[in-house]
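No lab work stands behind these numbers, since they all come straight from the coordinates. Remember, it's a predicted structure, so these values are computed and weren't measured experimentally. FYI the Cβ positions are ideal-geometry reconstructions off the backbone, even for glycines, and counts take in every protein chain you see.
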Amino acid sequence: MLNLMLNNETMRNIEYSTGISFSDIEKLDALSIDKRIEEKIKKPLALNYSERDKRLPSRGGVFLALRRYIKMSVIDKKIDEF
């Protein structure tokens, strides 16, 4: 299991932007966090499923072109090293 820590500034920024203390976020599930954020901003969260801007060119599959896919076994091995 990974033991990740956030610095104090990051925790303050999360608390400022969500209105929920970081210790509370750790205890809540995703739906409860969304509900608390909606209460803070006084409107429902809206997901943006709009079509992408056609003026921006697509870069295509960079990893596909460069053959740089990473196998899950390699990722699992790296995680286990921590």
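Observations on the structure shown:
- Computed FRET value (nearest 0.05) for Ser73 with Ala30, which takes r as the C-beta separation and R₀ as 25 Å: 0.30
- Likely footprinting exposure, Lys35, Lys77, fewest C-beta neighbours within 10 Å first: Lys77, Lys35
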